[in-house]
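The values are calculated or read from the model by the stated rules, or taken from the named source; none is laboratory data. Here the structure is a predicted model, which is why all the values come from computation and not from measurement. With ideal geometry, Cβ positions are generated from the backbone for all residues, glycine too; neighbour counts draw on all protein chains shown.
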Amino acid sequence: MNRRHMLYGGVAAGAALAGAGAAWWKFEPGQAINSAPVATAAQAFWNLSFDTPAGAPLPMSGFRGKLLLVNFWATWCPPCVEELPLLDFFYQENKDKNLQVVGLAVDQPSTVRAWLQTRPLNFPVGMAGLEGTELSKSLGNRSGSLPFTAVFNPAGLLLHRKIGKVTPEDLVQWTQLT
C-alpha cells in the first residue's frame, strides 16, 4: 500500500510541476525588461514616428517626459476593442497629470479610420501596421499577441509590459510606477 501511495504521489508531483511549467511558459511576458535586446528596442522606440489616421506624423519623441502607456491593438481583436473605452476614460481622467496614452494600430489604415469614425478615441493613435507586431515583439511580446501594452517612465525607460486586456487595477498600479 505504501508503494502505491508513493507512486501516486510521484505522479501527482510530476503533473503539478508540468502544470506550473506550462503556466509559466504561457504567461511569462518574454525577455526581462532590462535585458540588452529589450533595453535597446526601448531606446530605439523614441526615434520612431507613425502616421495618425489623418496622415499627420506622430513622433514618439514628443511623449518623452511623461508616463507613457503604449497600447498595441487591432480592430479585429475583441479584447483590444473591449479595453479601448477603459483606456480612453483613463486618459481623459489623467491627461493633466503628466500621463499619456498612445494607441498603435496593428491593422490596415483604412479599417482603422473607418472604425474610429464610429468609435472615436481622445488619445493619439498611430498606424503601426504589420510592423507593429515586430515592434511589440522587440519590446518583449514574444508571441506577438494583442492587446499588448508597454509602459515607459518619463525618462523613457520601459517599466512594465502586459499581454492581454488591461484592467482598472493595472492602470492604478502603473500610475504609481514613476
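Do you know which residues across the stretch 116-132 are out of contact with any helix residue (DSSP H, G or I) (no Cβ under 6 Å at 6 or more places or on another chain) and either under 16 Å from A56 (Cα atoms) or of a type in the set (A, V, I, L, M) (or both)? Spell out how you get there, then give the answer.
Keep residues of the stretch 116-132 that are out of contact with any helix residue (DSSP H, G or I) (no Cβ under 6 Å at 6 or more places or on another chain), which gives 116-120, 124-126, 128-132.
L116, P124, V125, G126, A128, G129, L130 - these are the residues of the stretch 116-132 that are out of contact with any helix residue (DSSP H, G or I) (no Cβ under 6 Å at 6 or more places or on another chain) and either under 16 Å from A56 (Cα atoms) or of a type in the set (A, V, I, L, M) (or both).
Figure legend. Inter-residue proximity from the stretch 55-69: first residues farther than 11 Å from P124 by Cα and not assigned by TED's automatic domain parsing to the domain that holds N153, second residues crowded, with 20+ Cβ neighbours inside 10 Å and among the polar types (S, T, N, Q), beta-carbon distance below 7 Å, spacing 6+ or different chains. No pairs are indicated.
Every residue in the stretch 106-123 that is hydroxyl-bearing (S, T, Y) and touching a residue at least 12 places away in the same chain (Cβ under 8 Å), please. Write out each step before concluding.
Initially, the stretch 106-123 is screened for residues hydroxyl-bearing (S, T, Y), giving 110-111, 118.
Correct list: T111 only.
A single entry from G132, G126 fulfils the requirement of being buried (at least 19 other Cβ atoms within 10 Å of the Cβ), over 25 Å from N94 (Cα atoms), touching a residue at least 40 places away in the same chain (Cβ under 8 Å) and small (G, A, S): G132.
Is it the case, given these coordinates, that L69 is within 14 Å of the chain's Cα centre (by Cα) and closer than 21 Å to A39 by Cα? Answer is yes for this residue. When the stretch 80-98 is limited to residues that are of a type outside the set (S, T, Y) and buried (at least 20 other Cβ atoms within 10 Å of the Cβ), the one that is nearest to T175 (Cα to Cα) turns out to be F90.
Give just the number: which of (1) surrounded by 14 or more Cβ atoms within 10 Å (Cβ to Cβ); (2) out of contact with any Pro (no Cβ under 7 Å at 6 or more places or on another chain) does C77 not satisfy? Among (1) surrounded by 14 or more Cβ atoms within 10 Å (Cβ to Cβ); (2) out of contact with any Pro (no Cβ under 7 Å at 6 or more places or on another chain), C77 violates only (2).
Taking the stated definitions as given, is V101 surrounded by 14 or more Cβ atoms within 10 Å (Cβ to Cβ), more than 19 Å from A41 (Cβ to Cβ) and hydrophobic (A, V, I, L, M, F, W, C)? It is true that V101 is surrounded by 14 or more Cβ atoms within 10 Å (Cβ to Cβ), more than 19 Å from A41 (Cβ to Cβ) and hydrophobic (A, V, I, L, M, F, W, C).
Could you check the stretch 145-163 and list, in sequence order, the residues that are of a type in the set (G, A, S), in a loop (DSSP other than H, G, I, E, B) and buried (at least 16 other Cβ atoms within 10 Å of the Cβ)?
S145, G156
Put simply, of A128, A105 the only residue that is hydrophobic (A, V, I, L, M, F, W, C), in the same structural domain as F50 (by TED's automatic domain parsing), out of contact with any Leu (no Cβ under 6 Å at 6 or more places or on another chain) and closer than 26 Å to A39 by Cα is A105.
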